[in-house]
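Chemist: First the structure, which I've put down as structure tokens, then a few questions once you've had a look.
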Ligand SMILES: *Cc1c(COP(=O)(O)O)cnc(C)c1O
């Protein structure tokens, strides 16, 4: 299937998941994860109407951002090393993987005075050893501490689900992230409006939408998984 056909299929599935859960597709941002894709394929995705792209590596992401139309909004979705922050900060509007104070400190140091970076705090709600992210019990204290870094704006929470067909487990994890997001919102912290939920990938985005996702990150189903890393 072409990238355009993939897109139409995903748009249809997003709409159906919204219909099932009484949501408006306009409230869901599809982030096309181009980490597996060539620049050519990424161009096709842009031509098919996708405007938000995600990358998980600083160098490759910057190279793609420079090669593609500058109307595209870039999301950093991978583990971010502090030493890479400086080179990627200009190119990426969103960071989905804030998981430690040292990274917040680096973002705060590198961003020009007065500017803010939209960040998601990554949470390991599925409790998998291999996944990065804050543990749920530590998420709220962590977010309170982020007040010390004015460049960091916590716009929401992000999680990455395990690759599983266990719908019940997926739903529970997504619901747990939503409840945690609501708790953060209840604190009414100036630096953490925390209105968004970045959850759902090719395997599970329909469930994630039903559980409240506002950003879904889709790679394989949109741009294929050639060069999968
Ligand atoms: C690769 C990746 C995705 C996309 O995964 P697919 O299963 O190909 O849709 C989403 N989020 C993160 C953090 C990723 O690393």
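The values are calculated or read from the model by the stated rules, or taken from the named source; none is laboratory data. Given the structure is predicted, the values throughout are model-derived calculations rather than measurements. Quick reminder, even Gly has a Cβ in these numbers, built from the backbone with ideal geometry, and neighbours come from all protein chains shown.
Chemist: Of all residues in the range 74-89 being within 21 Å of residue 198 (Cα to Cα) and away from the ligand (no atom under 16 Å from the Cβ), which is surrounded by the most Cβ atoms within 10 Å (Cβ to Cβ)? Even if it seems obvious, please write down each step before you answer.
Modeler: Initial filter on the range 74-89 (within 21 Å of residue 198 (Cα to Cα)): 74-81, 85, 88-89.
Pick out the ones that are also away from the ligand (no atom under 16 Å from the Cβ) and you get 85, 89.
On the way: 85: 22, 89: 20.
Residue satisfying both the conditions and the ranking: 85.
Chemist: Any idea which residue in the range 134-169 is nearest to the chain's Cα centre (by Cα), counting only those that are surrounded by 15 or more Cβ atoms within 10 Å (Cβ to Cβ) and within 16 Å of the ligand (Cβ to nearest atom)?
Modeler: Residue satisfying both the conditions and the ranking: 158.
Chemist: Considering only residues that are surrounded by fewer than 20 Cβ atoms within 10 Å (Cβ to Cβ) and more than 9 Å from the ligand (Cβ to nearest atom), which ones fall in the range 213-222?
Modeler: 214
Chemist: Restricting attention to the range 137-153, report how many residues are in a helix (DSSP H, G or I) and touching a strand residue (DSSP E or B) at 6+ places or on another chain (Cβ under 6 Å). Before you say what the answer is, go through the steps one by one.
Modeler: Going through the range 137-153, the residues in a helix (DSSP H, G or I) turn out to be 137-148.
Filter again for touching a strand residue (DSSP E or B) at 6+ places or on another chain (Cβ under 6 Å), leaving 139, 142-143, 146.
Residues that pass the stated criteria total 4.
Chemist: Here's something else I'd like to know. Determine if the range 179-202 includes at least one residue that is within 16 Å of the ligand (Cβ to nearest atom), more than 14 Å from residue 96 (Cα to Cα) and touching a residue at least 40 places away in the same chain (Cβ under 8 Å). Give the steps one after another, and end with the answer.
Modeler: Kept after step one, since they are within 16 Å of the ligand (Cβ to nearest atom), are these residues of the range 179-202: 196-202.
Okay, now just the ones that are also more than 14 Å from residue 96 (Cα to Cα), so 202.
Checking the rest, the ones that are also touching a residue at least 40 places away in the same chain (Cβ under 8 Å) come to none.
No, the range 179-202 contains no residue that is within 16 Å of the ligand (Cβ to nearest atom), more than 14 Å from residue 96 (Cα to Cα) and touching a residue at least 40 places away in the same chain (Cβ under 8 Å).
Chemist: Moving on. Let me spell it out: the conditions are (1) modelled with pLDDT of 95 or more; (2) over 24 Å from residue 51 (Cβ atoms), and residue 162 meets all of them except one. Which number is the exception?
Modeler: The single condition residue 162 does not satisfy is (1).
Chemist: For the range 1-73, which fully contained helices (runs of 4 or more DSSP H) count at least 3 residues that are touching a residue at least 24 places away in the same chain (Cβ under 8 Å) and over 27 Å from residue 211 (Cβ atoms)?
Modeler: Values: elements: 3-21, 39-47, 58-67.
Result: 39-47, 58-67.
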